[in-house]
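Here is the structure we will look at, set down as structure tokens.
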2 protein chains.
Amino acid sequence: MITTVTANLALDVTYRLDRLTPDRVHRARSVRQRAGGKGVNVARVLRRLGYETRVVGLVGGATGEAIRADLDAAGLPHELVEIGGESRRTVALVSDDGQATLINEPGPGVADREWAELGEVVRRVGGRSAAVVFAGSLPPGVADDGYARLIARVGARGVPTVLDTSGAALRRGVAARPDVVKPNAEELAELTGAVGPREGARVLRDLGAGSAVVSLGGAGLLAVTDAGSWRAEPSRQVSGNPTGAGDAVVAALAGGLVTRAPWPDRLREAVAASAAAVAAPVAGDLDEQHYHRERGAARVRALAGQEESHGTGSHG
Amino acid sequence: MITTVTANLALDVTYRLDRLTPDRVHRARSVRQRAGGKGVNVARVLRRLGYETRVVGLVGGATGEAIRADLDAAGLPHELVEIGGESRRTVALVSDDGQATLINEPGPGVADREWAELGEVVRRVGGRSAAVVFAGSLPPGVADDGYARLIARVGARGVPTVLDTSGAALRRGVAARPDVVKPNAEELAELTGAVGPREGARVLRDLGAGSAVVSLGGAGLLAVTDAGSWRAEPSRQVSGNPTGAGDAVVAALAGGLVTRAPWPDRLREAVAASAAAVAAPVAGDLDEQHYHRERGAARVRALAGQEESHGTGSHG
């Protein structure tokens, strides 16, 4: 079982419109809502890849009820901590001209007691997991070392971890020595000020991350690990919905921590899942055809230079 | 007690943004949600005008729960019929440049059994009311004569009624002889094909309406009644949020059915409530200062011509 922890669970509400015109009244053609937040999308992809999953996170209010109900309806097992605040929604206005306009709610504040309760669930459920994924932003009111503390709890029990967040939560989080971090190139540049993703990945490893896998959008992935460094690229460009691509990469990397497959195989799997996510209409889904093609066709090449190793040797 | 019946109750969700840019990601500065639908706004204004109210309507799902909770929090008494579908939301994106972009969900379908249950509540609660207001659109699945049947039930018990809807629901509704109908000029022109609001108002009376009060936006009201015809105008233009202006007019007209005040006084009250609603930031609120000023300052003048009377003489 792989556990995904999403501190900031959301209800993703998608409206279909003919066209969005500011300052006008629109009649939505359809409305669709489902549980969201990065960790939920990671869990959806993990299940498609054949793993058992457990969704862990914080929910509250009527929106929290709707999140819980959708996880049940989707058959995604969960252990959720009830909070006093109202869970956040994201609103997507998708129009026939291909535009997607997003409105993100700030999300509820989380009390210390509620965060401590989440820590207990992470310790208990994470302790009997094959890997634990921490994904998404921290909610308002949670200290920047929120993920770091959770990672430390799980890491102390020898369970491998993946961290996918940004900003201060990432900077503080890597200090707890997660096995894999997966920033995208912009998040990485913003955090490290590094001139390129490879240098940025090295900075994250110096700060404590075992391996750093940087997503480069349609150009694929860059991985810097104890075992070497690689560039992985899809065989062809896929047009579609990029929203869930990063979550699909995280799912594949978490799976790799469980299978202990060689890094080139993990990266091929990650590129395939990412391309298949872009080709699927909704975040968390995979397009089977793209997935199977890219698993065979994605290119992975080793990068020269042994200077990547930071010598601790403890990370997988 | 004045009962307001809102078949299509809603949860009004308002996001504050810096600026809405299609195809971009936005972080909402704030989110506010409250029970909505025309009848709820009418009830809010009625309460401000000093009347006891009862909100009657259909709610369902988690959104229905949120509507119910907000009515409770607002201290608005209600008798709601639970339906199998999920209540609709309206989403308003309000930006600092003064733009308001609205997205309306289509709303849940309503089963015959659920509509019949609403009819029972309307009969029971409406029968002991001083007046009943029917406001807003009919939900999907309800026949065009939905309001007509409800009005007939209440009218049979001698309780006066106000109807504020549009299209086929209005055309069929007037046949049940509501005491007052309040279309706006566009709804009226669309329905009757009449060249002007006065002619359109006469058509509605010919179809069965006791009195027709046409809202002309910032220009005020036109009333055609058994007792004569009037134009009522605010003393000055008010800038602000016009969303709840029509609901404020309906509230004042319903109050007039209870007090039996002379029509010019009712219209002055309606113009004052409308201006005060425009000056208030949220639909259902009234700006006290504007309200009191316009009650004294609004101009009402009788229109020549006795041809308005359609001779049945039974309506107030």
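The values are calculated or read from the model by the stated rules, or taken from the named source; none is laboratory data. The structure presented is a predicted model; accordingly, all values stated were derived computationally and were not measured. Cβ sites come from the backbone with ideal geometry, for glycine too, and all protein chains shown count toward neighbours. Heads up: the accessible areas ignore ligands, DNA and RNA and are worked out on the full protein's heavy atoms, side chains in. Shrake-Rupley method; radii C 1.70, N 1.55, O 1.52, S 1.80 Å.
Couple of notes before you dig in:
- Selected residue (only one of B:GLU190, B:GLU120 is in the same structural domain as B:GLY240 (by TED's automatic domain parsing) and surrounded by fewer than 16 Cβ atoms within 10 Å (Cβ to Cβ)): B:GLU190
- Among the residues of the stretch A:242-256, the ones that are buried (at least 24 other Cβ atoms within 10 Å of the Cβ) and polar (S, T, N, Q) come to 0 in all.
- Filtered residues of the stretch B:222-235 (kept if in contact (Cβ under 8 Å) with a residue 60 or more places away in the chain and within 25 Å of B:GLY50 (Cβ to Cβ)): B:THR225, B:TRP230, B:ALA232, B:GLU233, B:PRO234, B:SER235
- Taking strands (runs of 3 or more DSSP E) as the structural unit, those lying wholly within the stretch A:1-45 and holding at least 2 residues that are surrounded by fewer than 24 Cβ atoms within 10 Å (Cβ to Cβ) correspond to A:10-17, A:25-27, A:30-36.
- Of everything in the stretch A:1-33 that is touching a residue at least 60 places away in the same chain (Cβ under 8 Å) and basic (Lys, Arg), the residue that is farthest from the other protein chains (Cβ to nearest Cβ) is A:ARG16.
- Count of the stretch A:128-154 residues which are more than 25 Å from A:THR259 (Cβ to Cβ) and of a type outside the set (A, V, I, L, M): 8
- Test: residue in the stretch B:37-53 that is within 26 Å of A:VAL13 (Cβ to Cβ) and within 13 Å of chain A (Cβ to nearest Cβ): no
- Among the residues listed as A:THR21, A:THR53, the single one being touching a Lys or Arg at 6+ places or on another chain (Cβ under 6 Å) and not small (Gly, Ala, Ser): A:THR53
- Residue in the stretch B:94-113 that is in a helix (DSSP H, G or I) and either more than 8 Å from chain A (Cβ to nearest Cβ) or open to solvent by less than 20 Å² (accessible area, probe 1.4 Å) (or both) present: yes
- Meets criteria (within 14 Å of another protein chain (Cβ to nearest Cβ) and either open to solvent by less than 30 Å² (accessible area, probe 1.4 Å) or assigned to a strand (DSSP E or B) (or both)) for A:VAL132: no
- Residue within the stretch A:64-76 that is more than 14 Å from chain B (Cβ to nearest Cβ) and open to solvent by 10 Å² or more (accessible area, probe 1.4 Å) present: yes
- Which numbered condition B:GLY85 fails, given (1) open to solvent by 30 Å² or more (accessible area, probe 1.4 Å); (2) more than 11 Å from chain A (Cβ to nearest Cβ); (3) free of Cβ contacts under 8 Å to residues at least 60 places away in the same chain: (1)
- When we screen A:ALA194, A:ALA219, A:ALA245 for residues that are hydrophobic (A, V, I, L, M, F, W, C) and in contact (Cβ under 8 Å) with a residue 24 or more places away in the chain, the only hit is A:ALA245.
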